[in-house]
Each structure stands twice: as C-alpha cells, then as structure tokens.
Amino acid sequence: MSLLPVEDALARILAGATPTEPEDVALVAASGRTPSADLAALRTQPPFPSSAMDGYAARAEDLALGRALAVVGEAPAGRAFAGSVGPGQAVRIFTGAPVPAGADTVILQENVEANAEGVVPTVVEAKGRHVRPAGLDFREGDVLIRAGKRLDPRAVALAAAMGRPTIPVHRRPKVALLATGDELVRPGDPMRPDQIVASNIYAVAGMVEAAGGDALDLGIATDDFPALERGIARAEALGADVIVTLGGASVGDHDLVQSALTARGMELGFWRIAMRPGKPLIFGRLGRTRILGLPGNPVSAIVCAHLFLVPLVRALCGDPSAGEDRSELAVLAESVPANDKRQDYVRVRITGRDAHGTPKVAQFSRQDSSMLRVFAEADALMIRPPGAPAAAAGDAVRIIRL
C-alpha cells in the first residue's frame with residue numbers, strides 16, 4: 001500500500017462522520033458545546049423602550065434651557081412608572097427602566113439643576129436621546145445562533161437573553177484512549193531502567209476535551225493479544241465513538257495493534273501517510289466506531305491528533321467546518337532546505353512580524369519526534385509540502401498554530 005497524502009487521509013477519516021445525537025443541556029453546561037439546530041429568540045430585547053442612562057424621562061419639546069419640569073414620579077429598573085408624562089413633566093428614571101408613556105427622551109441627571117419647581121435642563125437634548133428602542137438588540141423570532149457553531153461564553157449569554165433556559169446540542173463524542181507497550185508506565189509509578197513514562201495519552205486526552213469530546217482513559221495495554229483485546233472490548237462496552245490507540249502502529253514483531261483490531265473485525269482504511277512525523281497512522285472502522293491508531297513517538301502522536309483526531313471530534317460534534325484548512329500565512333526568518341516526498345510538519349518559533357504584520361518563523365535545530373521539550377516550546381507547525389524546494393528568509397510558508 002503506497003503512502004497516502006495528508007489531504008486524502010483527512011478526507012477519508014471525515015467521510016461519513018455523522019454528528020452524534022442531540023440532547024438538551026442547561027445554559028450553565030452549554031459553553032463549549034455545539035448546537036444541533038438553529039436557535040431563534042423567544043423574546044424581544046429590550047422588550048420595551050428603556051433608558052440607557054440615569055436621568056429624567058421627558059418630552060423633547062419640553063427640554064428647553066431654563067424651563068423647569070415638574071418631577072411626577074420615579075422609574076427604577078424593574079419597576080415601571082404607572083402613569084404617563086405630560087407637558088412640562090418629567091420622571092426620575094434609572095438605567096434599564098421602561099421609558100414612561102408620553103416621554104421620548106432622557107436627559108442625564110448631571111445635565112439638570114434642581115429647584116423648588118422641579119428640575120431645569122442645562123443642555124438641549126435631541127428627541128430620542130438616551131432611549132433604547134424596543135428590539136434594539138434583537139426581536140422575537142430572529143435566528144441568532146447557528147447549528148454547528150461552537151458556543152463560547154458570549155453565545156451562552158446571548159442564548160440566555162433570548163429566553164432559552166436550555167440549548168439543544170450534539171452529545172459529546174466518546175473517545176477511548178488506549179496506550180500500548182510493555183515499555184510504558186504511568187507518571188509516578190515504579191519503573192524499570194528499560195521503561196519510559198507514558199505521556200501521549202495526557203496530551204491527546206486534553207485535545208479531545210478541548211475539541212468538545214469526552215476522553216475515556218483506558219490505561220496502558222501490554223504487548224500481547226489478550227491485553228489489547230480487553231482494551232478494545234472495554235472501549236466498545238463504553239460506547240466509544242472513536243477508539244484511539246497510542247503506539248503499535250508501525251511494522252514490527254511486537255506491533256500487535258493492527259492485528260488485534262483486525263481480529264476484532266476492523267475494516268482497515270489505511271495505515272501509512274506521506275507525512276513526517278506521523279507516517280505510521282492506522283485508520284479503520286469497527287462497526288459504527290472509528291479507529292485511529294496513532295504512532296508511539298510523542299510528537300508524532302500529538303501532531304497526528306492535531307491534524308486528524310481534532311477535526312474528527314469536531315465533525316462528530318456537528319461542526320460543518322471541521323475539515324477546513326486551519327493554516328495561516330507566515331514568512332521564514334531563515335532559510336530552509338528542500339523537502340523530500342513526505343509532507344513535513346516542522347516545529348517552529350514565531351520570532352516576530354514582518355513589515356506587513358505577517359508572523360516570522362524559525363525552525364528548531366532538532367526535530368526528533370521523541371522530543372517533547374522542543375514541541376512544548378514550539379509556537380506552530382510549519383508545513384513543508386512534498387518536494388518543496390529550498391526556501392530563503394522572507395519566503396512565504398504556511399503554519400498551523402499550536
């Protein structure tokens with residue numbers, strides 16, 4: 001099987017990725033979720049003409065300099081003045097309160113002087129000044145939140161103002177994570193001199209959660225069929241939408257993941273990609289469950305999760321833009337050599353900006369896929385397409401921010 005281009009691999013992974021079923025969640029739990037339907041306002045905001053400032057509500061034609069207005073009442077926020085404002089009258093009003101009938105303008109409290117007859121304007125206000133008309137923000141029936149657009153705190157506040165106590169969202173996709181390898185132990189656990197700490201699972205779990213999924217940590221499976229089969233069976237029992245294995249994706253006597261998945265019934269899609277790092281990536285399907293077998297090297301696993309797993313989680317959340325290009329333009333701060341037949345994702349620092357405001361990037365001298373320190377210090381991945389020629393400082397490149 002030849003090496004698959006990155007774009008083709010992503011297209012295959014996302015093909016037929018049906019969003020999870022909808023569920024209603026309370027507003028307090030809605031931030032970060034993805035609406036499953038367009039949402040229309042259930043009320044008009046503001047529902048009545050309201051005061052934008054503290055002051056006095058009156059008729060604009062009465063707001064002549066030197067003319068006293070009789071104060072006939074008060075309108076605090078949440079309690080409307082029951083009467084109406086007639087000629088030569090004013091009502092003390094506070095921000096957010098309904099503007100009384102008959103009034104069409106609010107004069108600021110600092111722009112009047114009080115005397116025995118009432119209040120006297122010291123400035124001339126135009127009609128409608130400091131009055132928010134009904135529906136200034138939105139009206140009942142306006143569609144303000146679109147399906148597939150992930151909710152941030154601002155959108156949740158808008159939904160609350162729209163009168164919606166709950167929001168229909170897609171269920172968070174369940175992503176089961178199974179690290180594999182006799183050499184792996186948990187941080188803090190006893191370890192032999194020939195073992196290493198398992199780190200990938202924590203990065204990938206965080207990425208799943210940040211993308212809107214639920215990460216299910218299945219622990220570490222040793223390099224034997226029974227352990228792998230138990231891990232896969234547990235993922236299925238938990239109803240995983242995606243099973244992600246970490247390690248065991250390449251060819252070798254002890255790489256049993258693909259064999260264990262195939263024995264379980266996985267339909268293999270592909271298992272090698274024309275990219276670096278991350279060439280040995282498995283994709284397949286086990287019934288309705290999608291399988292991603294990530295490489296064992298930490299940087300390879302995390303880069304593949306950025307490129308493939310995060311878009312898959314977003315697609316399962318109902319995001320129509322899940323597969324869109326997330327790269328942006330940058331310029332080289334230094335020259336780089338020509339590339340070979342695989343698409344490179346080079347760890348780079350952003351060193352500044354050019355005269356046009358475009359980020360300038362410089363690559364780390366060491367790009368080994370086992371080096372988490374370099375990856376943690378990187379600001380972005382620089383994309384070097386297959387066969388890209390040598391490039392000089394100032395030349396344009398594409399980057400994906402980390």
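The values are calculated or read from the model by the stated rules, or taken from the named source; none is laboratory data. Quick caveat: nothing in here was measured; it's all calculated off a predicted structure. Cβ sites come from the backbone with ideal geometry, for glycine too, and all protein chains shown count toward neighbours.
Scan segment 207-225 for residues that are more than 14 Å from the chain's Cα centre (by Cα) and either among the small types (G, A, S) or outside the structural domain of R186 (by TED's automatic domain parsing) (or both) and report the count.
Within segment 207-225, the subset more than 14 Å from the chain's Cα centre (by Cα) is 214-225.
Next, only the ones that are either among the small types (G, A, S) or outside the structural domain of R186 (by TED's automatic domain parsing) (or both) stay: 215, 219, 221.
Result for segment 207-225: 3.
Only one residue in T34, T44 is surrounded by fewer than 21 Cβ atoms within 10 Å (Cβ to Cβ), β-branched (V, I, T) and under 38 Å from the mean Cα position of the chain (by Cα). Which one?
Result of the check over T34, T44: T44.
Would you check if there is a residue in segment 61-74 being of a type outside the set (S, T, N, Q), under 27 Å from M162 (Cα atoms) and either modelled with pLDDT of 95 or more or not in a strand (DSSP E or B) (or both)? Full working, then the answer.
First pass over segment 61-74, keeping only residues of a type outside the set (S, T, N, Q): 61-74.
Next cut, under 27 Å from M162 (Cα atoms) only: none.
No: segment 61-74 contains no residue that is of a type outside the set (S, T, N, Q), under 27 Å from M162 (Cα atoms) and either modelled with pLDDT of 95 or more or not in a strand (DSSP E or B) (or both).
Considering each of P165, P173 in turn, give the residue that is in contact with a helix residue (DSSP H, G or I) (Cβ under 8 Å, 6 or more places away or on another chain), closer than 27 Å to S259 by Cβ and touching a residue at least 12 places away in the same chain (Cβ under 8 Å).
Details: P165 fails: closer than 27 Å to S259 by Cβ.
Result of the check over P165, P173: P173.
Collect the residues in segment 336-374 that are under 30 Å from R272 (Cα atoms) and hydroxyl-bearing (S, T, Y), keeping them in residue-number order.
Within segment 336-374, Y345, S365, S369, S370 qualify.
Can you tell which of S259, S199 is hydroxyl-bearing (S, T, Y), surrounded by fewer than 16 Cβ atoms within 10 Å (Cβ to Cβ) and either more than 22 Å from the chain's Cα centre (by Cα) or closer than 30 Å to A134 by Cα (or both)? First the steps, then the outcome.
Details: S199 fails: surrounded by fewer than 16 Cβ atoms within 10 Å (Cβ to Cβ).
Exactly one of S259, S199 is hydroxyl-bearing (S, T, Y), surrounded by fewer than 16 Cβ atoms within 10 Å (Cβ to Cβ) and either more than 22 Å from the chain's Cα centre (by Cα) or closer than 30 Å to A134 by Cα (or both), namely S259.
Of the numbered conditions (1) farther than 16 Å from P49 by Cα; (2) in a loop (DSSP other than H, G, I, E, B), K127 satisfies every one except a single condition; which is it?
(1)
For A147, are the conditions met, namely being surrounded by fewer than 17 Cβ atoms within 10 Å (Cβ to Cβ), touching a residue at least 40 places away in the same chain (Cβ under 8 Å) and not assigned by TED's automatic domain parsing to the domain that holds D62? Walk me through how you get there before you give the answer.
Numbers: surrounded by fewer than 17 Cβ atoms within 10 Å (Cβ to Cβ): no; touching a residue at least 40 places away in the same chain (Cβ under 8 Å): yes; not assigned by TED's automatic domain parsing to the domain that holds D62: yes.
No; evaluated as a whole, the condition is false for this residue.
Can you tell me which of (1) surrounded by fewer than 18 Cβ atoms within 10 Å (Cβ to Cβ); (2) over 30 Å from I145 (Cβ atoms); (3) aromatic (F, W, Y) is the one F81 doesn't meet?
(1)
What is the one condition in (1) closer than 24 Å to P46 by Cα; (2) of a type in the set (S, T, Y); (3) touching a helix residue (DSSP H, G or I) at 6+ places or on another chain (Cβ under 8 Å) that T122 does not satisfy?
Just one mismatch for T122, condition (1).
Considering G293, G284, G248, which residue is crowded, with 24+ Cβ neighbours inside 10 Å, free of Cβ contacts under 8 Å to residues at least 60 places away in the same chain and touching a helix residue (DSSP H, G or I) at 6+ places or on another chain (Cβ under 8 Å)?
Answer to the check: G293.
Given the conditions (1) charged (D, E, K, R); (2) within 30 Å of I107 (Cβ to Cβ); (3) out of contact with any Ser or Thr (no Cβ under 7 Å at 6 or more places or on another chain); (4) buried (at least 18 other Cβ atoms within 10 Å of the Cβ), and given that R132 satisfies all but one, which numbered condition is not satisfied?
Here R132 meets the rest and fails (3).
For segment 55-110, give me each residue that is polar (S, T, N, Q) and over 21 Å from A134 (Cβ atoms). It would help to see each step written out before you state the result.
From segment 55-110, those polar (S, T, N, Q) are 84, 89, 95, 105, 109; that's our starting set.
Q89, Q109, listed by residue number.
Take the residues in segment 262-281 that are without any contact (Cβ under 8 Å) to a residue 60 or more places away in the chain and aliphatic (A, V, I, L, M); name whichever of them is surrounded by the fewest Cβ atoms within 10 Å (Cβ to Cβ).
A263
Looking at R192, R234, R164, which is the one that is outside any helix (DSSP H, G or I), surrounded by fewer than 18 Cβ atoms within 10 Å (Cβ to Cβ) and not hydrophobic (A, V, I, L, M, F, W, C)?
Details: R234 fails: outside any helix (DSSP H, G or I); R164 fails: surrounded by fewer than 18 Cβ atoms within 10 Å (Cβ to Cβ).
None of the others qualify; the one that does is R192.
Only residues that are at pLDDT 95 or above and loosely packed, with under 13 Cβ neighbours inside 10 Å: list them for segment 357-375, please.
Once the filter is applied, which keeps residues that are at pLDDT 95 or above and loosely packed, with under 13 Cβ neighbours inside 10 Å, segment 357-375 yields only G357.
Working carefully through the options T166, T122, T180, find the one that is modelled with pLDDT under 95, among the polar types (S, T, N, Q) and outside the structural domain of G55 (by TED's automatic domain parsing).
Being modelled with pLDDT under 95, among the polar types (S, T, N, Q) and outside the structural domain of G55 (by TED's automatic domain parsing) holds for just one of T166, T122, T180, which is T180.
With the checklist (1) surrounded by 13 or more Cβ atoms within 10 Å (Cβ to Cβ); (2) modelled with pLDDT of 95 or more; (3) hydrophobic (A, V, I, L, M, F, W, C) in hand, flag the one item A393 doesn't pass.
With respect to (1) surrounded by 13 or more Cβ atoms within 10 Å (Cβ to Cβ); (2) modelled with pLDDT of 95 or more; (3) hydrophobic (A, V, I, L, M, F, W, C), A393 is out only on (1).
Can you name every residue in segment 272-327 that is more than 23 Å from D214 (Cβ to Cβ) and in contact with a Cys (Cβ under 7 Å, 6 or more places away or on another chain)?
Once the filter is applied, which keeps residues that are more than 23 Å from D214 (Cβ to Cβ) and in contact with a Cys (Cβ under 7 Å, 6 or more places away or on another chain), segment 272-327 yields G278, P295.
Identify the single condition in (1) surrounded by fewer than 24 Cβ atoms within 10 Å (Cβ to Cβ); (2) on the phi > 0 side of the Ramachandran plot; (3) in contact with a strand residue (DSSP E or B) (Cβ under 6 Å, 6 or more places away or on another chain) that G318 does not satisfy, given that it satisfies every other one.
That leaves (1) as the condition not met.
Tally time: how many residues in segment 278-306 are part of a loop (DSSP other than H, G, I, E, B) and either modelled with pLDDT of 95 or more or at positive phi (or both)? Don't jump to the end; show me each part of the working.
So the first thing to find is which residues in segment 278-306 are part of a loop (DSSP other than H, G, I, E, B), and the list is 278-281, 287-288, 295-297.
Checking which are either modelled with pLDDT of 95 or more or at positive phi (or both) leaves us with 278, 287.
Looking only at that region, the number is 2.
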